[in-house]
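What follows is a set of notes on a single structure, which appears directly below.
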Amino acid sequence: MRYQSVQVFGFTFLMAFCIGLVSAPSLYGQESKNQKFSQEDKFRQLEEILPTPNRERAASGAPGSDYWQQKVDYEIDIRLNDETQELFGKEVITYTNNSKDRLSYLWLQLDANIHRSNSDANLTTTTDNIAGLGFGSLKTMLAKEVFDGGFHITRCEDASTKKKLKHTIVKTMMRVDLPQLLEPGQTFQFQVDWNYEINNSRILRGRSGCEFFEEDGNYIYEVAQWFPRLCAYTDATGWQHKQFLGRGEFTLEMGDYVVRITAPNDHVVASTGILLNPEQVLTELQMERLEQAKSTKQPLFIITPEEAKKNESSKPDGTKTWIFKADQVRDFAFASSRKFIWDAMQHNVGDYPVMAMSFYPNEGEPLWSKYSTHAIIHTLEVYSRYTFDYPYPVAISVNGPVGGMEYPMICFNGPRPEKDGTYSASTKYGLISVIIHEVGHNYFPMIVNTDERQWTWMDEGLNTFLQYLSEQEWEEGYPSRRGEPRDIVGYMRSPNQVPIMTNSESILQFGPNGYSKPATALNVLRETVLGRELFDYAFKEYAKRWKFKRPMPADFFRTMEDASGIDLDWFWRGWFYSNDHVDLAITEVRQLNINTKNPVLEKKIRRAKRDGIPESNSEALNKDLVKRADRYPELKDFYNSYDSLDVTPEERRSYDSFMKSLTDEERKLIGMKRNFYLITIENVGGLVMPVIIDAEFEDGTKQHVRIPAEIWRKDNLKVTKLLMTKKPIKSLVLDPRLETADVELENNYFPRRIMKSRFDVYKSSRWGSGGNPMKTDLNRKKSGKKPAKVGQVSEETKKSAAGTGGGKKSDEKKPVVKKPATKKPATKKPVAKKGKGNE
Ligand SMILES: [Zn+2]
């Protein structure tokens, strides 16, 4: 630090000053007794909160030497009934117990049971008030009353002995009792048969479902969370069988799948995995085009829009069975319809050739053929660079009823243009963003297999962070919704918050908490705390360490520190374990210069200071009074002309002998031209952050100062920092490039700025908000118009209400939260649609 050079002074007169520089509070004597110190240590280490490292999970954040996870393989036959929207399935599950524990039962999850009218999700939904209810919501409520949702389990038996297995359904979970203990290393095979009715996703929303098209009478099926799936059994949680309430998605075991999907023979099926029998389900032409797509420079139609349109009026005369195989996946999903256009383009990620494919109805055009497959490939390119090479053979985006949801190798994305083919900017960017997001989920949580039922941020936060990076590489000025620190300010200062480290089902403000805040935190960690090089190395290390494995929060926190070499406990504590927000303020700046001891110089400075004291009011008014000493000059003596700021010969001599006592170097130092500034910064928001200052000098040049967050380690409420400069400072700004999500910008300026804003002048209505009904009625009789209903607001009143902003605070003061009334052109910064959030 630069002020250390000052400490070479060894004289008494400077000593106090030097101490003052190092420890600012003692500059003017004793430390203030009532100085406030925060009781909470923001740098307290996290070890006492994080789980104790063990042989499964190392203290470095890497998988331990004895790390294990279960393996579950599935062979499934499924039949889709397009007449009744039902699924009939039969699965043979092979469960391999890699744990060191003996298991007496297995738990499976039955997610479709959430649609039952007596499900916990339905029963525990709360409603504060109904001001109005859309027809859609009303239809949903009525449909829930009668929908026969949920699994019907028709068989559960030991695959080798064919004996029935006792099974108990507990809401959205099912326990299967094993015939004997499953020892470590042993495998158990059993069969489950089931069926269930597929929800109409437009009425009963979910992460899967079907959509009916009235115009042509066809369906699109997006089928997911559709078979009884083994719960995860882990070293960290045992069985993860926390009931499904809707928010906390799921976590599953890695395994290999063979799935035979039987659908109407004019359907096209898109699915997790590679198609094993193309010659049985595709036409010659489709197979030829798929071959061409391996070397094409742009997405190629396998089924053209015209062909798809034609298929809409076809009638099936039987079924076809599509066979898919997928290895090392945690789940399996598919889509089926006769309406699909299909395009494809191969893209090589490292050593892996990946077929990127999109399936969508004509209703998705012209947006989908233009953007979907490009967005898939873009995601693979960017995400693979920050993590690991995408390891699967296909990556698919499907348009159907689901707004946005991810599964291994396949995802469902909702946005479509208007019927006439036009679309808003928010639809366009909403589509690109949701595809990036859902394809991106392949990395987190499909491959880095986190526990979504427990921790939303571990997949959504990390994924949204990479989504932001990918969007910014799509085009200049891409309107990302999440990731920029300035965009999280409104949430950070809002009430009703819980820390990021909150179970998925208990999160308040789900989107900001689970997606935006962790994504922004990682962006801040990358750009402001660690820097890109350290962050990217550590983040990639985390991804590589936990690829196809199951990390917990501590593994992420520990790996980021372990690989970057920076203690980040304060960062996790502030951003992930607390509701604090960032609000730093410059509250005081003092300028100091070295006392030269030269009486000529120093007394001149003191005189200038004295002369600068303004005349008091009485002094000014008394000026014209005739003074007695003027009337009787004999009353004046030595003191009437003496000025204590005149330099005396004694002072000159004393100075000369002092200078003689100094070495040459000391004389140089004392005459040094430097400005010392004591800058006091207060932590108003509570969240400690690096202190970033732009100092502007009087000559207009600037100096950028970056101080690590550790400046707050001894006092997290108030710190004073010495800045030594050659040139005098004119003004200071904290966080000039808005990189810390500081919620209050005005206290970042020193000196403060005049806040400028605008307001409207309007004519007030003479009749108040209700108008004058009698007058209106009279006018109606004159003109023959119908009367306005009682209580109806007049157009003028409406306008004025919109114009004044009802006492809204200046938008320039808080630029981040409320946008000015004048909207930017929609093409520049559209906001993606909020109605259907992606998952
Ligand atoms: Zn998501």
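The values are calculated or read from the model by the stated rules, or taken from the named source; none is laboratory data. All values reported here derive from a predicted model rather than from experimental measurement. Positions of Cβ are backbone-derived with ideal geometry, glycine not excepted, and every protein chain shown enters the neighbour counts. Side chains included, ligands, DNA and RNA excluded: accessible areas come from the protein's heavy atoms. Shrake-Rupley method; radii C 1.70, N 1.55, O 1.52, S 1.80 Å.
Charges at C-beta only: +1 for Lys and Arg, -1 for Asp and Glu. How large is the resulting dipole of region 330-383 about its Cα centre, in Debye rounded to 20?
On the way: 4 positive and 6 negative charges, 36 e Å.
Using Cβ point charges on Lys, Arg, Asp and Glu, region 330-383 gives about 180 debye.
Return the equivalent ellipsoid semi-axes of region 505-574 as a descending list in whole Å, where each equals the square root of 5 times an eigenvalue of the C-alpha gyration tensor. Walk me through the numbers before you get to the answer.
Numbers: eigenvalues 83, 51, 25 Å².
With the √(5λ) rule applied to region 505-574, the semi-axes are 20, 16, 11 Å.
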| Full-stretch length increase - residue 214, residue 629 - with 0.36 nm per residue and alpha-carbon distance subtracted | 138.6 nm
| request: Quote the convex hull volume per residue of region 375-432, based on C-alpha atoms, as a whole number of Å³. | output: 94
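Would you mind getting me the FRET efficiency between residue 49 and residue 385? Use the beta-carbon distance for r and R0 = 22 Å, nearest 0.05.
On the way: r = 33 Å, r/R0 = 1.49.
Once the sixth-power term is evaluated, E becomes 0.10.
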| Principal-axis tilt of helix 553-564 within the chain, Cα atoms, nearest 10 degrees | 60
| field | Per-q log10 I(q)/I(0), region 619-702, q = 0.20, 0.23 Å⁻¹ (Debye; single scatterer per alpha-carbon; no solvent) | value | -1.08, -1.23
| field | Stokes-Einstein D (µm²/s) once Rh is taken as the Kirkwood radius of region 290-377 over alpha-carbon pairs, at 10 °C in 1.306 mPa s | value | 109
| task | Count charges around residue 45 for me, please; just the other residues with Cβ under 15 Å from its Cβ, Lys/Arg as +1, Asp/Glu as -1. | result | -4
| query | What's the center-to-center distance, using Cα atoms, between region 368-409 and region 421-437 in Å? | reply | 14
| request: Mind putting a number on the dipole of region 546-695 about its Cα centre? Charges go on the C-beta only, +1 for Lys and Arg and -1 for Asp and Glu, and I need it in Debye to the nearest 20. | output: 340
| Largest first, what is the accessible-area ranking of 441, 115 with a 1.4 Å probe? | 115, 441
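Sort region 68-131 into rounded, prolate or oblate with this rule: let a ≥ b ≥ c be the square roots of the eigenvalues of the Cα gyration tensor; rounded if a/c is under 1.5, and if a/c is not under 1.5, prolate when a/b is larger than b/c, oblate otherwise.
On the way: a/c = 3.81, a/b = 1.42, b/c = 2.67.
Oblate.
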| note | For the table 309/547; 71/428; 315/419; 163/325; 604/636, the rows whose alpha-carbon distance is greater than 31 Å are 309/547; 71/428
| query | Which of 287, 269, 313 sits farthest toward the positive end of the charge dipole of region 244-344, with +1 on the Cβ of Lys and Arg and -1 on the Cβ of Asp and Glu? | reply | 313
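On the accessible surface of the chain, probed at 1.4 Å, how many percent belong to carbon and sulfur atoms?
So the carbon and sulfur contribution to the accessible surface is 51 percent.
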| request: Just list whichever of 609/702; 597/673; 517/549 have alpha carbons separated by over 18 Å in the model shown. | output: 609/702; 517/549
| task | Kindly provide the GluC sites (Glu not before Pro) of region 359-463 that DSSP labels as loop, not H, G, I, E or B, and whose Cβ sees at most 15 other Cβ atoms within 10 Å. | result | 418
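State the extension gain, in nm to one decimal, for the chain segment bounded by residue 287 and residue 510, taking 0.36 nm per residue of separation less the distance between their alpha-carbons.
Numbers: separation 223, 0.36 × 223 = 80.28 nm, distance 4.38 nm.
Stretched fully, the residue 287-residue 510 segment lengthens by 75.9 nm.
Evaluate E = 1/(1 + (r/R0)^6) for residue 81 and residue 476, where r is the Cβ-Cβ distance and R0 equals 56 Å; express this FRET efficiency to the nearest 0.05.
0.70
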| task | Before rounding to the nearest 500, sum -39500 (n - 2.57) across all DSSP H runs of length at least 4 in the chain and divide by the residue total; then give [θ] at 222 nm in deg cm²/dmol. | result | -7000 deg cm²/dmol
| Could you give the angle, 0 to 90 degrees to the nearest 10, between helix 795-804's Cα long axis and the longest principal axis of the Cα atoms of the chain? | 50
| Could you list log10 I(q)/I(0) for the chain at q = 0.09 Å⁻¹, which the Debye formula gives when each Cα is one point scatterer? | -0.99
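Write down the accessible area per residue of the chain in Å², having rolled a 1.4 Å probe over the full set of protein chains.
On the way: 41700 Å² over 839 residues.
On a per-residue basis, the chain sits at 50 Å².
Taking the Cα centre of region 153-279 as the origin, how large is its charge dipole in debye, to the nearest 20, when only Lys and Arg (+1) and Asp and Glu (-1) carry charge on their Cβ atoms? Show your work: numbers first, answer last.
Details: 14 positive and 17 negative charges, 149 e Å.
With Lys and Arg at +1 and Asp and Glu at -1, about 720 debye.
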| note | At the level of C-alpha centres, the distance separating region 286-320 and region 504-568, in angstrom, is 41
| task | Determine, at each q value in 0.12, 0.20, 0.21 (inverse angstroms), the log₁₀ of I(q)/I(0) that the Debye formula gives when each Cα of region 514-651 is one equal point scatterer. | result | -0.70, -1.25, -1.31
| request: Quick one: work out Rg over Rh on the C-alpha atoms of region 609-659, Rh as Kirkwood radius. | output: 1.17
| request: Could you tell me how many degrees, from 0 to 90 and to the nearest 10, lie between the Cα long axis of helix 425-440 and the main elongation axis, the longest principal axis, of the Cα atoms of the chain? | output: 70
